[in-house]
1. How many residues are basic (Lys, Arg) and either under 12 Å from VAL80 (Cβ atoms) or modelled with pLDDT under 95 (or both) when one looks only at segment 8-38?
2. Give me the residue from segment 70-106 that is small (Gly, Ala, Ser) and more than 16 Å from ligand 1 (Cβ to nearest atom) and, out of that set, farthest from TYR55 (Cα to Cα).
3. I'd like the residue in segment 49-69 that is touching a strand residue (DSSP E or B) at 6+ places or on another chain (Cβ under 6 Å) and not in a loop (DSSP other than H, G, I, E, B) and, out of all such residues, is nearest to ligand 1 (Cβ to nearest atom).
4. Considering only residues that are assigned to a loop (DSSP other than H, G, I, E, B) and near ligand 1 (Cβ under 8 Å from one of its atoms), look in segment 28-39 and name the one that is surrounded by the most Cβ atoms within 10 Å (Cβ to Cβ).
5. Please go through segment 70-96 and give me each residue that is assigned to a strand (DSSP E or B) and surrounded by 15 or more Cβ atoms within 10 Å (Cβ to Cβ), ordered by number.
6. Write out, first by first residue and then by second, each pair whose Cβ atoms fall under 9 Å of each other, whose residues are 6+ apart or on separate chains, and whose first residue, in segment 74-85, is closer than 17 Å to LYS28 by Cβ while the second is more than 15 Å from ligand 1 (Cβ to nearest atom) and modelled with pLDDT of 95 or more.
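The values are calculated or read from the model by the stated rules, or taken from the named source; none is laboratory data. None of these values were measured; they are calculated from a predicted model. Neighbour counts are summed over all protein chains in view; Cβ atoms, including those assigned to glycine, are modelled from backbone coordinates with ideal geometry.
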Amino acid sequence: MEDISGKSPLPKERKVKGRVEIDIQKCKGCELCTTACKENALSLSDTINIKGYRYIIANNDACTGCVNCALVCPDAVITVYRTHPKKKPVDITPTDIKEQLQSMIGPSK
Ligand code: SF4
Ligand code: SF4
C-alpha cells in the first residue's frame with residue numbers, strides 16, 4: 001500500500017533493530033546525537049527536564065542500533081540495545097502438551 005507521496009508507509013525491514021534509552025533528566029539538549037543519527041530517530045522534546053533543558057526523545061521504530069548517538073553524547077546519557085527480530089524463536093511449548101490437555105478435558109467419547 002502507498003500513501004499520497006507514493007512512498008510505502010511501512011518501515012523497511014531490518015536485520016538488526018535498535019532500542020535507545022535516554023536518561024532524560026541528565027540530557028542537556030545539545031543535539032549532537034540528533035545530528036549523528038542518520039535515521040532521524042532522535043528529536044527534541046517539547047517539554048523540559050529538571051535542569052530546564054529540552055531533552056531527546058527516541059523513535060525506536062526507526063533505530064538501527066548503530067550506536068552513533070551514544071558515542072557522540074558528551075554526557076553518556078544514551079544506552080543502545082540491539083535486538084534481532086528474525087532470530088529463530090525458541091519453542092517453549094511443553095513436549096507433553098497433548099497429554100496435559102487430554103488430562104484437563106478428560107477422555108474423548
Ligand atoms: S543507535 Fe543509531 S539509529 Fe539508533 S538512535 Fe542512535 S544514532 Fe540513531
Ligand atoms: S548528545 Fe546527549 S546531552 Fe546532547 S542532546 Fe543528545 S542525549 Fe542530550
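1. Number satisfying all stated conditions: 5.
2. Looking at the filtered set, the residue picked out is GLY106.
3. It comes out as CYS69.
4. The residue in question is CYS37.
5. Listed by number, the residues that qualify are ILE78, VAL80.
6. From segment 74-85, the pairs are PRO74/LYS28; ASP75/LYS26; ASP75/LYS28; ALA76/LYS26; VAL77/GLN25; VAL77/LYS26; VAL77/LYS28.
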